[in-house]
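Undergrad: Below is one structure. I have some questions about it.
Nothing in this text is a laboratory measurement; each read-out follows from the coordinates by a stated rule. Quantities reported herein were computed from a predicted structural model and do not represent experimental measurements. With ideal geometry, Cβ positions are generated from the backbone for all residues, glycine too; neighbour counts draw on all protein chains shown.
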Amino acid sequence: MANDSSSRERKVRGRKITTDREAKERRRAKKNLSRNGQRRVQGQKRTRNGDDGPLQNPSDVVPDPFVTTDQIEGLQGRINGWLDADQPVHLIGPTGCGKTALALSAAAQRDRPVVFLNGDEAVDTAALVGEHAGGERYKEDDQYVGGVHKQTEVVRERWVDNPLSVAAREGATLVYNEFSRSNPVAHNVLLSVFEEGVLERPGKRGDDRQIDVHPEFRAILTSNSVEYAGVHEPQDALLDRVVGVHVDFYDEETEREIVGAHVDLSPDRIEQLVAATRALREQLDIVVGTRAAITAAKGIAVFDGSDDEDIETDRLVDVFTDVLSPKVAGEGGVNDLRNDIESTL
């Protein structure tokens, strides 16, 4: 009987050990699942300039609608020619002339991922290359056998790469829109990227502080001319490492195609609107861009629903005064603007 009792006790103890091990494995699996979930969330964490990360498919970045004419195709070919020569391209021109749309369309033609970044005063080096996004602290609780625990507290810093680092590492095309609105100090990191193919990430510790720039990485910068408010003059050392492509307003045929792609109006009305836009561009002291023509066309579509081929001059004056008045200050300035528009049209 004693032997039978001893045998039963060993079997019970064996089941207990097995149960403890199974519980430990379940806890370990649950802990690993939790860690993996945290990593996935961190990998999807939004950057300052992206939704679920800055990388975008090239087909997704082309503006819609976007028209191509001989003039636009010529500019696209010129930009991509310099990119094929491994030269960063700086598109310079007046506001509203279509620089951003042109940059995105040219980037998409490379059939590489695209990273888009808008410049402003808040962009610093960290916003470009990345930064520590807080630490993560968790405890590991190991139960070797019943009643014996070992707890270890782990603290790990979390680094989040921002657009420039992602583009340089993945070989994407960086479209840095309005880059001259950012403080030039933030752009010192671009010097080694363009010259030596190395990106330094200040604040990052360890062997991966530097990123070797992917051979397919390219950059397209856009900016308004230096006389615009809120625009910084880039450092000469950076300008010496890029090529400048000056973009002006498109020819009349291209502007008609662009306006017609955005607004459902008859060809005769679009022709009249574009002709008025170009006349005002010549006569006024303010910038009258293609964007202003599109906005005016939208206004005509709403405020003038007649079937007449021609738009009444008074209606054109009203619409263009509303579209362009934010560019002038004060009631007197608006009155003068209206008089200038009326005399021009």
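Undergrad: Pull out the extension gain between E170 and D120, defined as 0.36 nm times the separation in residues minus the alpha carbon to alpha carbon distance; nm, one decimal.
TA: Full extension from E170 to D120 adds 15.6 nm.
Undergrad: Please sort 81-92, 236-247, 266-277 by packing, taking for each peptide the average over its residues of neighbouring beta carbons within 10 angstrom, highest first.
TA: 266-277, 81-92, 236-247
Undergrad: Continuing with the same structure: What is the extension gain from D304 to E216, computed as 0.36 nm multiplied by their sequence separation minus the C-alpha to C-alpha distance, in nm to one decimal?
TA: Here the answer is 26.7 nm.
Undergrad: Still on this structure: Starting from the Cα coordinates of the stretch 294-334, work out the convex hull volume and express it per residue in Å³.
TA: Spread over its residues, the Cα hull of the stretch 294-334 gives 68 Å³ apiece.
Undergrad: Quick one: what do you get for the stretch 252-344 if you divide its Cα Rg by 2.2 N^0.38 Å?
TA: Ratio of Cα Rg to 2.2 N^0.38 Å: 1.02.
Undergrad: Based on the Cα gyration tensor of the stretch 228-285, what are the three equivalent ellipsoid semi-axes, each the root of five times an eigenvalue, rounded to whole Å and given largest first?
TA: Rounded to whole Å, the semi-axes are 34, 15, 10.
Undergrad: Using 0.36 nm times the number of residues separating D268 and S343, minus their current alpha carbon distance, what extension gain do you get?
TA: Stretched fully, the D268-S343 segment lengthens by 24.8 nm.
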